[in-house]
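Worksheet for the structure shown next.
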Amino acid sequence: MEIRSPEHVVVEVKARENGRVNSLEVTNVDKHRRQRGADHAIVVALGFAPKVIDNAETTELTTIAVDDVVELLDRRDEYAVPPEEILAHLTRSGAFQDDRLDLLDEYI
């Protein structure tokens with residue numbers, strides 16, 4: 001999936017039998033991002049192993065668990081958070097976790 005506005009982002013959803021992504025070819029995701037001419041890539045899964053999160057910080061890649069996507073969308077719907085504010089948190093490299101939800105709550 002691609003988001004083209006307000007920023008160009010590719011989104012990849014990963015599914016694993018146990019629900020948790022234990023390894024991720026960050027270079028392949030980054031290649032996909034570059035092929036599409038996107039500024040950033042987001043990988044969504046039920047969960048991620050710590051090493052996947054560490055690897056994400058070295059590229060223009062964000063990992064986000066499905067539960068956090070739900071929390072993010074709930075806040076967007078309830079408080080009419082603009083897309084630019086949401087993308088500001090989603091396009092920081094590394095893991096989207098509670099710390100970013102806390103920053104969003106401060107904005108709200």
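The values are calculated or read from the model by the stated rules, or taken from the named source; none is laboratory data. If you're wondering where the values come from, they're calculated on a predicted model, not measured in any experiment. Don't worry about glycine lacking a Cβ; one is built from the backbone with ideal geometry, like all the others, and counts go over all protein chains shown. For the accessible areas, the whole protein counts, side chains as well, though only heavy atoms, and no ligand, DNA or RNA atoms are used. Shrake-Rupley method; radii C 1.70, N 1.55, O 1.52, S 1.80 Å.
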Check your understanding: In a shell of Cβ-Cβ distance under 15 Å around G19, excluding G19 itself, what net charge do Lys and Arg (+1) and Asp and Glu (-1) give?
Key -> 0
Review point. For the Cα atoms of the chain, what angle does the longest principal axis make with the long axis of helix 26-36, in degrees from 0 to 90, nearest 10?
Key: 70
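How many percent of the accessible area of the range 3-63 is carbon or sulfur, using a 1.4 Å probe? Present the calculation step by step, with values, prior to reporting the outcome.
Working: 1500 of 3470 Å².
Taking all protein chains in place, the range 3-63 shows 43 percent carbon and sulfur surface.
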Study note, to complete from the structure: Yeah, the chain with a ≥ b ≥ c from its alpha-carbon gyration tensor (a/c under 1.5 is rounded, else prolate when a/b outruns b/c, oblate otherwise) is oblate
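Rounded to the nearest 20 debye, what is the charge dipole size of the chain about its Cα centre when +1 sits on each Lys and Arg Cβ and -1 on each Asp and Glu Cβ?
Working: 13 positive and 23 negative charges, 137 e Å.
Here the chain has a charge dipole of around 660 debye.
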Practice item. May I ask for the angle, rounded to the nearest 10°, between helix 98-107 and the longest principal axis of the chain, with both axes built from Cα atoms and the value confined to 0 to 90°? Key: 30
